[in-house]
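So the structure is just underneath, and the comments pick up after that.
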Amino acid sequence: MSDLMRAIIKPRPGPGLEMTQVPIPQIGPREVLVKVRATSICGTDVHIFKWDAWAAARVKPPLIIGHEFCGDVVEVGSAVRSIKVGDFVSADSHRYDGTCPVCRNGQPNICANLEIFGVDTNGCFAEYVALPESSAWVNAPDLDPAIASIQDPCGNAVYAVLVEPVAGRSVAIWGDGPTGLFAVGVAKAAGASPVFHIGKYPQRLAIGQAMGADVSLNISEPGADVVRTLLTATGGVGVDAVIEMTGSPQAIQEAFAAVRKGGRFSAFGIPSQPITLDLNSAVIFRGITLYGINGRQLWQSWYQMAGLFRSGALDPSPVITHRISLDDFQKGFALMTAPDRVAAKIVMYP
């Protein structure tokens, strides 16, 4: 095996990415070396590609980016016990220490010393990646590599939707990005009814319908009134659970206005700036349960997701709109940043 591999890197501060040759990573005692089968583009990767204010403040080039992937284990460290050569694995993108007070309270997804693949450490847009044993998830051998590669964002949706049961309850999901689309499928698979999906791109709303949305609401249509529509559909009561995946101040206000008294609000979308909220009328006096959703529950969300896949109730494949070569990454990022947002999830193959 050559000592070099192809990898997509952020070589220096500024817009853009480059394909280059870098050394294949050396693994430590508690790591495994994975030959990447498939890797998918995330919105976080787009932020790094564009080099916006968040990326400039967080990312330290040079860096291999990417954090969603699957592949085959080709080497294991001397202290690895649960993974063997030949295993087909994916990874949770959270690198947690396991020893801080937060981890010891069973919340490693918000570890006090959390690092993210492809953001804080070298990632997976490459032929090989070094993976801590503690971050590895062993897949079913027959799982489609494209689906295996998107479990990290799909797990976000599982956590956001299933942090409380939704069977037999009405759910409204704001956002037609990939994670919002996954959330529609998770809600439907878990027995929610009806499932409302709110977005603004017709092609993605169509994907939401394929994922099981009972009602699609396009905020770009003239006269669209999301709150009134949801209240009318629920007899003036409001929906049982809202899943906010945009971070848009307008969407957040709408979601609080549409959730019923005593309902649940899952906040996943990241606002670009602080928002103003009347906590009394939005939350306290209405008895709303508010959850901040960061990443996935380790490893509860993964077990729930695997069970939904096995049952056949959840098929995330409609969200995967493009499958391309890793060498065509520039095309992938052009699709991800196109104004029409025809692309949803793009999977790349080394």
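None of the figures in this text is laboratory data; all of them are computed from the coordinates on show. Here the structure is a predicted model, which is why all the values come from computation and not from measurement. Cβ coordinates were reconstructed from backbone atoms using ideal geometry, including for glycine residues, and neighbour counts include every protein chain displayed.
Some notes on this structure:
- Phi to ³J(HN,Hα) by Karplus 6.51 cos²θ - 1.76 cosθ + 1.60 over the stretch 72-87, Hz, x for Gly, Pro: 10, 6, 10, 7, 10, x, 5, 9, 6, 10, 9, 10, 10, 4, x, 5
- Residue-count net charge about Glu115 - beta-carbon cut-off 13 Å; Lys, Arg +1, Asp, Glu -1: 0
- Cβ-Cβ distance of Asp97 and Tyr291, R₀ of 30 Å, FRET efficiency by 1/(1 + (r/R0)^6): the value works out to about 0.80.
- Each of Met245, Met348 was scored by other Cβ atoms within 10 Å of its Cβ. Listed from fewest to most, they are Met348, Met245.
- Over the stretch 157-292, relative contact order from alpha-carbon pairs under 8 Å, at least 6 apart, %: 21
- Expressed to the nearest 5 percent, the antiparallel share of DSSP beta bridges inside the chain is 55 percent.
- Estimated FRET transfer efficiency when R0 is 56 angstrom, pair Arg12-Val237 (beta carbons, to 0.05): 0.55
- Span from the the stretch 57-78 Cα centroid across to the the stretch 12-35 one, whole angstrom: 6
- About the Cα centre, charge dipole magnitude for the chain (Lys/Arg +1, Asp/Glu -1 at Cβ), debye: 460
- Full extension of the segment from Val215 to Gln330, taken as 0.36 nm per residue of separation minus the current Cα-Cα distance, would add 37.9 nm.
- Separation of the Lys84 and Gln203 label points, Cα + 7 Å toward Cβ, nm: 4.4
- Exposure proxy shown here: for Thr20, Thr232, the number of other Cβ atoms within 10 Å sets the order, fewest to most, as Thr232, Thr20.
- DSSP-defined beta bridges in the stretch 78-207 - what % are antiparallel, rounded to 5: 50
- Other-chain or far-sequence residues with amide H under 5 Å of His322's (modelled H): Ala344, Lys345, Val347
- Among Ser281, Ser170, a tally of other beta-carbon atoms within 10 Å of each Cβ gives an order, fewest to most, of Ser281, Ser170.
- The alpha-carbon atoms of the stretch 157-292, seen along their principal axes, cover 38, 31, 28 angstrom, with the largest extent given first.
- Entries in Lys10/Lys84; Lys10/Lys50; Lys200/Lys345; Lys60/Lys200; Lys60/Lys345; Lys50/Lys331 that, when Cα-Cα distance is taken, lie over 22 Å: Lys10/Lys84; Lys60/Lys200; Lys60/Lys345
- Average Cα contact separation per residue, the chain, under 8 Å, 6 or more apart, as relative contact order %: 16
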